[in-house]
Amino acid sequence: MPQNDKALLSRLKEQKVEFVIIGGVCGVLHGASLVTLDLDICCRFNRENLRRIEAAVKDLHPRHRLTSNKLPFELTAELCGSLKNICLNTDLGVLDCLSAVAGIGDYEQVWKQSVPYSMSYGEFRILNLDALIAAKSAAGRQKDLDAIRLLQAIKEKRGQQKDLF
Amino acid sequence: MIDEATLAQMNGEYFMPPDAGPAWRAAMEYGFDMSLVEDALQLTPEQRLEQHQRALDLILEVKEAGERHAAK
């Protein structure tokens, strides 16, 4: 299955989903030379926003990728109130939507520690470098600890060269 | 006449920038190719994402080729 982050981001933007880019793609946007196989976002988990996510992916055959029988992603009022994360396989790749980020907090906290990045297809918010390092540190897997080494180096370089972004 | 340092770089040796701080040095010593990070930092975020997409496409292509080969 192809992973097309640009197309997924464009769709989320088109549907006005409230979200912040986190995880590996956030690291890539900060300049880390890593490759990540999914798109992770933190979003507001209210009914309206979840419906926007649903609209963004509804024609992409979305399925809950971690359910044993790959259940289709079909929101109900009950699900809107009980979901904390949505981990999807879609025709454009993996999209993981989280209501909170370990080491940071809920969506409000994540948003407060995010910065806007402009791209030709819209403006997106991504975790700032310190918050991303905190999140990776809280996740604590080997790949996160590896990424922290790179992110610390980038932070240091940015401290030296203020024109870098 | 190519000097020794240039020749070493041509042979793949990373030239540590004189202003490299401890975190930069630590990442390099850990094994990261910091020249790639230097290059990425010269790009816009959108260009970084496009570069990532190309790398991802290549990885998936190689993975699929491997799976096809294994299935033969």
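The values are calculated or read from the model by the stated rules, or taken from the named source; none is laboratory data. From a predicted model like this one, the values you see are computed outputs, not experimental measurements. FYI the Cβ positions are ideal-geometry reconstructions off the backbone, even for glycines, and counts take in every protein chain you see.
Could you look through the range A:115-165, keep only residues that are among the aromatic types (Phe, Trp, Tyr) and more than 8 Å from chain B (Cβ to nearest Cβ), and pick out the one that is farthest from B:Tyr30 (Cα to Cα)?
The selected residue is A:Tyr121.
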Exercise. So which residues in the range A:33-43 are touching a helix residue (DSSP H, G or I) at 6+ places or on another chain (Cβ under 6 Å) and either surrounded by fewer than 19 Cβ atoms within 10 Å (Cβ to Cβ) or modelled with pLDDT under 95 (or both), if there are any at all?
Worked result: A:Ser33, A:Leu34, A:Val35, A:Thr36
Exercise. Counting only residues that are over 19 Å from A:Cys42 (Cβ atoms) and among the basic types (Lys, Arg), which one in the range A:55-96 is surrounded by the most Cβ atoms within 10 Å (Cβ to Cβ)?
Worked result: A:Arg63
Seminar exercise, completed: When (1) surrounded by fewer than 13 Cβ atoms within 10 Å (Cβ to Cβ); (2) in a helix (DSSP H, G or I); (3) in contact with a helix residue (DSSP H, G or I) (Cβ under 9 Å, 6 or more places away or on another chain) are applied to B:Leu58, the one that fails is (3)
For this session: Among the residues of the range A:130-151, write down those that are under 14 Å from the mean Cα position of the chain (by Cα) and either of a type outside the set (A, V, I, L, M, F, W, C) or more than 13 Å from A:Ile21 (Cβ to Cβ) (or both).
Result: A:Lys136
Problem set entry | Complete set of residues in the range B:55-72 that are at the interface with chain A (Cβ under 8 Å from one of its Cβ atoms) and of a type outside the set (D, E, K, R) | B:Ala55, B:Leu56, B:Ile59, B:Leu60
Exercise. Among the residues of the range B:1-54, which ones are exposed (fewer than 14 other Cβ atoms within 10 Å of the Cβ), part of a helix (DSSP H, G or I) and facing chain A (nearest Cβ under 7 Å)?
Worked result: B:Tyr30
